[in-house]
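The values are calculated or read from the model by the stated rules, or taken from the named source; none is laboratory data. Nothing here was measured: the structure is a model prediction, and the numbers come from that model. Glycine gets a Cβ as well: all are built from the backbone with ideal geometry, and neighbour counts include every protein chain shown.
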Amino acid sequence: MKYYIIAGEASGDLHGSNLIKELKKLDPGGGFRCWGGDLMAAAGADLVRHYRDLAFMGFIEVVKNLKTIFRNLSFCKKDILDFQPDAIILIDYPGFNLRIARWAKAAGFRIIYYISPQVWAWKENRVRTIKNCVDKMLVILPFEKAFYKKWNYEVEYVGHPLVEVVNDWRAQYNTVEKDNLVALLPGSRKQEIIQKLPVMLEVSTFFPEYQFVVAMAPAVEEEFYGALLRAYPQVKTTLGKTYDLLLQAKAALVTSGTATLETALFGTPEVVCYKGNPISYAIAKRVIKIKYISLVNLIMDKPVVKELIQHDLTVANLKAELQDLLTNQDRIHNLEKDYTALKALLSEGGHASANAAKAISNFLRNGS
């Protein structure tokens, strides 16, 4: 069979690559064409567009890049028609993917969504589009099945793919002693890095006994980081070794998103940081209706990790939170217990990538 897979971010590239590997086990002769990144290409897919050319974060940024977005949509539709896949597999990235889903469904293609858009957070009316356009929805968060049930839409929970990714990584090591390291994960896009990394870097000056290390995003050039780091020669960088860093770090300062969950699964105490374009943030605050911004807190439905959002993300606040994470043994112990419960909850579905591949294969062969 032929599969056309669309992911628009680094996390989608990771999960898409693992899905491709599992689909190949079930369909060794399958053909794969994708929008994603280096990992999906390495897994054997023909890469059409790289996610670094697709990721526009925030309302204002999207408006500024509308021409590029519409050009990408037109090209994607033509490419799908030329490839004629047996299935189109969409991975999160709703602004783009739901437009493709509407068009592709009308064109007669079968649509599978792996990793639901966060419609439970905002734009809940998108569920109507999903119901009309998506033939099979695979979800990775435990509460999403109940959410969709409210809309009378049956979805399949396959477990969270990050659990297997982190487990596989940790299996390479017997025991790892936490070092005097603090990990800085400022995000994967330039516009979020420029907002958050300067605050994180300034905090490093108050902890001379700790080595601060910035996990650089593969899609961002080193020169971009160099300009920000020039005044902080004591801070180091690493590329492609984020998991090694999280395994060894005593604490982490993490931008909101998938990285907050990765950090928790590695058992590393963290502070969640978010700061965006002021206009984009003001708009988002009016339309987003969730209690928390981090996946850790959303899944556990309580404030497991501290979130410093927008105006609260200051050097003074971040310094105080990091100091507490490094020295308050009661807080560290409570975090360990919550992280253990989180991992157990996300492991209930089993091996997510394999489950998703089986669900896709069954659907394409049997229609269910």
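Here are the numbers for the structure shown:
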item	result
Number of positions in segment 88-102 that are crowded, with 24+ Cβ neighbours inside 10 Å and in contact with a Gly (Cβ under 9 Å, 6 or more places away or on another chain)	3
Residue within segment 132-141 that is in the same structural domain as A7 (by TED's automatic domain parsing), in a loop (DSSP other than H, G, I, E, B) and within 17 Å of the chain's Cα centre (by Cα) present	yes
Any hit, segment 50-70, residues being of a type outside the set (S, T, N, Q), modelled with pLDDT of 90 or more, surrounded by 15 or more Cβ atoms within 10 Å (Cβ to Cβ) and in a helix (DSSP H, G or I)	no
Restricting segment 181-212 to residues that are part of a loop (DSSP other than H, G, I, E, B) and out of contact with any strand residue (DSSP E or B) (no Cβ under 9 Å at 6 or more places or on another chain), the residue that is farthest from A249 (Cα to Cα)	R189
Complete set of residues in segment 226-242 that are over 21 Å from the mean Cα position of the chain (by Cα) and assigned to a helix (DSSP H, G or I)	G226, A227, L228, L229
Flag for K105 being surrounded by fewer than 18 Cβ atoms within 10 Å (Cβ to Cβ), of a type in the set (D, E, K, R), within 25 Å of N297 (Cβ to Cβ) and in contact (Cβ under 8 Å) with a residue 24 or more places away in the chain	no
Among (1) at pLDDT below 90; (2) out of contact with any helix residue (DSSP H, G or I) (no Cβ under 8 Å at 6 or more places or on another chain), the one test that W122 misses	(2)
Any chance V166 is touching a Lys or Arg at 6+ places or on another chain (Cβ under 9 Å), under 24 Å from G12 (Cα atoms) and not in a loop (DSSP other than H, G, I, E, B)	yes
Yes/no for A264 being within 17 Å of K319 (Cβ to Cβ) and small (G, A, S)	no
Near pairs, Cβ below 7 angstrom, 6+ apart or cross-chain, from segment 144-170 (within 22 Å of D301 (Cα to Cα)) to any residue that is of a type in the set (D, E) and part of a loop (DSSP other than H, G, I, E, B)	G159/E348
